[in-house]
Amino acid sequence: MASSVSQAPFFSIVVPCYNRADIIPETVQAILRQKYQDFELILVDDGSRDNLRDVVASIKDPRVHYYYKQNGERGAARNYGAQRAQGQYINFFDSDDEMYPNHLQVVRDFLDQHGLVEVVHTGYERLDEQNRVISEVCEFAGSTNEALLHDNPLACNTVFVRRDIALANPFEEDRRLASAEDWELWLRLASKYTFHPVRQKTFCLREHAGRSLNTIAPEAVRTRDELFAQLVSQNPDFSRRFPGQLSKFVADRYTFITLTMALSKTHRAETLQYLWKAVQHDPTVLWRRRFLASVKHLI
């Protein structure tokens with residue numbers, strides 16, 4: 001585990017961990033195998049109840065730094081790590097994914113060629129529990145900034161943010177936003193800066209039953225996306241950068257709520273209310289696939 005280093009590294013990799021003692025050695029070893037070695041690894045123990053501290057203590061590499069904090073969800077853990085980072089760029093990495101050896105090198109090469117831009121992102125692949133490729137995410141139609149208006153194609157591991165920008169734009173720490181806190185931040189950043197793509201796969205995102213996106217109850221989705229729509233609506237930079245898109249974005253959040261609730265078969269009256277809210281914000285939502293799917297599951 002870490003002692004201080006003699007000079008600031010170029011990259012700071014921040015990994016929030018919660019009860020990950022069983023998998024963190026493998027995650028750390030993959031990170032330490034990077035072709036580009038000028039980095040520090042900040043492990044933020046987000047109130048774990050297992051023996052994560054002891055496991056990390058056995059890792060003898062001066063670049064690995066361990067911090068413990070009371071549990072506060074991933075956004076708070078990432079902010080905690082960012083506040084202690086020394087690198088010029090911060091990469092937030094999830095503890096259950098695998099970093100490939102080229103992850104840092106391709107970003108450093110891009111920055112050497114294009115200057116110290118505010119935000120860079122790489123590509124990745126999704127693997128199932130049998131290590132079979134589910135999908136590859138390297139190319140978007142149009143710019144990444146525009147793609148973020150409709151979906152979040154960027155896994156958190158994808159994005160590198162210059163440290164001054166990251167510190168000025170922290171993750172939202174409200175637990176109600178959990179599982180969308182990264183997308184909310186990307187939209188805030190996309191409202192002010194260009195997301196520069198590096199179209200190479202640099203890690204794999206492992207899908208498994210315990211992954212947070214796979215375990216969200218309909219009530220939590222409703223609370224999350226209501227808050228998400230509110231936060232984006234309150235951001236003046238969004239409307240300036242993306243004129244005419246706010247009503248469409250809010251309507252899309254409402255149709256996501258409606259489809260989730262319609263599939264659960266338990267919230268018919270509320271589902272109808274959210275469908276009406278979506279139409280009020282953007283009448284063209286009537287012809288979008290998610291709206292039509294919601295209606296289908298209500299019939």
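Does segment 246-265 contain any residue that is under 30 Å from N91 (Cβ atoms) and of a type in the set (A, V, I, L, M)? Within segment 246-265, one or more residues are under 30 Å from N91 (Cβ atoms) and of a type in the set (A, V, I, L, M).
Within this structure, F203 fails the test of being closer than 30 Å to E129 by Cα, in a helix (DSSP H, G or I), in contact with an Asp or Glu (Cβ under 8 Å, 6 or more places away or on another chain) and in contact (Cβ under 8 Å) with a residue 12 or more places away in the chain. On the given criteria, is F160 touching a helix residue (DSSP H, G or I) at 6+ places or on another chain (Cβ under 8 Å), of a type outside the set (D, E, K, R) and more than 30 Å from Q130 (Cα to Cα)? Criteria not met by F160.
Quick one: would you say V232 is among the β-branched types (V, I, T), touching a Lys or Arg at 6+ places or on another chain (Cβ under 9 Å) and either under 20 Å from F171 (Cα atoms) or in contact (Cβ under 8 Å) with a residue 60 or more places away in the chain (or both)? Taking the combined requirement at face value, the residue satisfies it.
Answer yes or no: is there a residue in segment 79-89 that is small (G, A, S), under 18 Å from the mean Cα position of the chain (by Cα), within 30 Å of Q245 (Cα to Cα) and assigned by TED's automatic domain parsing to the domain that holds R188. No, every residue in segment 79-89 fails to be small (G, A, S), under 18 Å from the mean Cα position of the chain (by Cα), within 30 Å of Q245 (Cα to Cα) and assigned by TED's automatic domain parsing to the domain that holds R188.
Of all residues in segment 165-180, those being under 15 Å from Y80 (Cα atoms) and within 12 Å of the chain's Cα centre (by Cα) number 2. Among the residues of segment 61-74, at least one is surrounded by 23 or more Cβ atoms within 10 Å (Cβ to Cβ), farther than 12 Å from L41 by Cβ, within 18 Å of the chain's Cα centre (by Cα) and not acidic (D, E). Given the structure, is R224 in contact (Cβ under 8 Å) with a residue 12 or more places away in the chain, surrounded by 15 or more Cβ atoms within 10 Å (Cβ to Cβ), in contact with a strand residue (DSSP E or B) (Cβ under 6 Å, 6 or more places away or on another chain) and not β-branched (V, I, T)? Considered against the rule, which asks whether it is in contact (Cβ under 8 Å) with a residue 12 or more places away in the chain, surrounded by 15 or more Cβ atoms within 10 Å (Cβ to Cβ), in contact with a strand residue (DSSP E or B) (Cβ under 6 Å, 6 or more places away or on another chain) and not β-branched (V, I, T), R224 comes out as no. The single condition among (1) in a strand (DSSP E or B); (2) surrounded by fewer than 20 Cβ atoms within 10 Å (Cβ to Cβ); (3) hydrophobic (A, V, I, L, M, F, W, C) that L41 does not satisfy is (2).
The values are calculated or read from the model by the stated rules, or taken from the named source; none is laboratory data. All values derive from a computational prediction rather than experimental measurement. Quick reminder, even Gly has a Cβ in these numbers, built from the backbone with ideal geometry, and neighbours come from all protein chains shown.
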